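Before any comments, here is the structure.
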Amino acid sequence: MVLGRSRSRDVSPFLERHPGVSLKITSHSWDWDLRQNQLMALAAGIIPDVTYGEAYVNEFVQLGVYNAVSNAAAQQFPEGTIRGAKVEDKFYGLPMSSGADVLFINLTTWEKAGLDRNKLPKTWDELVSACQAITKINYDPKWGNNCYFTYGPDPNTYGTAMRILHWFNQNDAPLGSDLGVPSANLPKAVDTWLFHNDLMWTSTEASIMQAESEAGSGRLFNEGVIAIKPGWNNDATSVGEGNIDAVAIEFPLPPGGHPATIVIGNQINSPLKNGKHPDLAIALVEETLTSEATQAWLADNAGIWIPALKSLLEQYETYDRLGGYKTEIAKKIVRVTMKALLEGGAGPLPGWPKNGSRIWAEWNNTYLRIWKGRLQAPEIQKELDNLQATIEQLVRKTG
């Protein structure tokens, strides 16, 4: 049987329980080429038994190509990690590992601005005020005055949305539902974009658009050029390399808001209906991904990911199987991501039923205009109304 893009390292118990079975594990990338590869395989009839997905899982669930796993298996995971594979009361895959966004703060730069490390921001207003204070004193000859960093708009990826949409979910203004019903122009969405612009313009356009490719945002964070950034477990690997004075917190809240984070690096494996061995595919997903040994392997050896099993996430305060993260600072940050994944309102990106790549491209283009144009409320509302109409058209259109 074929397992598409598995990173599991503990399938021996499964093979022992199923004598005569062998696994062929293939690899492919993520984002739009992940979606494209899977659509091409389905169209050509080259169907694996099990496949991997992230932000496009729900699209394939709605295409009806996956088999459901048992609710008993699904209940071993927190809601946010499996919502992207859920339709009605059934789950069409389980996460092998996961991740969650939190807020990274360089405490050295924080204190240079006269801020108290024991009073980290809990509200949006406090975060904006802190960023505005930091940018006044935080000058770099190459990059200018900077504080807050997140990736600038890139129409070729949904990765930018993964670092931003938690703010909208906190404020009851989600871009869309788990099943891809768009809601881009909800009333509170305008206020959220205005808040986000206030954060973004505490850094220069040059750093936002070039920091990742030219210098590496993790290194610039370590150096204090960037003082505050949303990041996930993967960011802890680069931040940890500097062994700096840094901390991670769950995201500050808007008035009347609620905790939210985006699952990121959420490695859902799903059994396909029309593979050669559908029953074995379900067994593989359920038996391997509910194994604590399998779930613990990546964080303990490769870094980047954290376990998705509830039983491991519940140990976040003292969890020590984090050998893939090389410093104590990195491990402390990772434990915060574990807490956020377990308790912090984690959820997936919207699961567009069609044209996911085109929708994310249009979202990024809207983000670009709102940010670079420093748009005000009436102009932002027009942009969001247009975005809503475009998404509505794309989720109905074949292609």
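Values in this text are rule-based calculations from the coordinates and carry no lab data. Treat the numbers as computed from the prediction; the structure is a model and nothing was measured. Using ideal geometry, Cβ is built from the backbone for each residue, glycine included, and neighbour counts are taken over all protein chains shown.
So here's what we get for this one:
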quantity	calculated
Projected label distance in nm at Ala206 and Lys372, using a 7 Å step from Cα toward the beta-carbon	1.7 nm
Over 21 Å (Cα to Cα) - which of Lys119/Lys142; Lys86/Lys310; Lys122/Lys142; Lys119/Lys229; Lys112/Lys331; Lys142/Lys331 fall in this group	Lys119/Lys142; Lys122/Lys142; Lys112/Lys331; Lys142/Lys331
Candidates Asn274, Asn118, Asn145, ranked by Gaussian network fluctuation over the chain, Cα under 10 Å, top entry	Asn118
Sequence-separation-based contact order of the range 131-192, relative, with Cα cut under 8 Å and 6+ spacing, percent	19 percent
Sum of -39500 (n - 2.57) over DSSP H runs of 4+, divided by residues of the chain (222 nm, nearest 500)	-13000 deg cm²/dmol
Degrees between helix 31-44 axis and first principal axis of the chain (Cα, 0 to 90, nearest 10)	20 degrees
Candidates Leu349, Leu272, Leu194: whichever shows maximal mean-square fluctuation once the chain is modelled as a Gaussian network with Cα springs under 10 Å	Leu194
Selected from Ala293, Ala211, Ala72 as most flexible by GNM, with the chain as the system and alpha-carbon contacts under 10 Å	Ala72
Angle between the chain longest axis and helix 292-301 axis [Cα atoms, degrees, rounded to 10]	40 degrees
Note, ³J(HN,Hα) from phi for the range 66-78, Karplus 6.51, -1.76, 1.60, rounded to Hz, x at Gly and Pro	9, 8, 7, 9, 6, 5, 4, 5, 5, 5, 7, 10, x
Per-residue Cβ neighbour rank within 10 angstrom, fewest leading, Cys147, Cys131	Cys131, Cys147
Global form of the range 149-204, assessed from the alpha-carbon gyration tensor, a/c cut-off 1.5	oblate
Calculated FRET efficiency for the pair Asp116/Glu241, C-beta based, R₀ 30 Å, to 0.05	0.65
In degrees, nearest ten, helix 233-242 long axis to first principal axis of the chain (Cα)	50 degrees
Those GluC sites (Glu not before Pro) in the range 298-371 that DSSP places in a loop and that have at most 11 other beta carbons within 10 Å	Glu317
For a label point 7 Å along the Cα-to-beta-carbon line of Asp125, residues of the range 178-219 with backbone N under 17 Å	191-192, 194-196, 198-199
Percent RCO, i.e. relative contact order, over the chain, from Cα pairs under 8 Å lying at least 6 residues apart	28 percent
Cα-based shape type of the range 118-187, given that a ≥ b ≥ c are square roots of the gyration tensor eigenvalues and the cut on a/c is 1.5	oblate
Environment charge of Asp116, counting only residues whose C-beta is closer than 15 Å and scoring Lys/Arg +1, Asp/Glu -1	+1
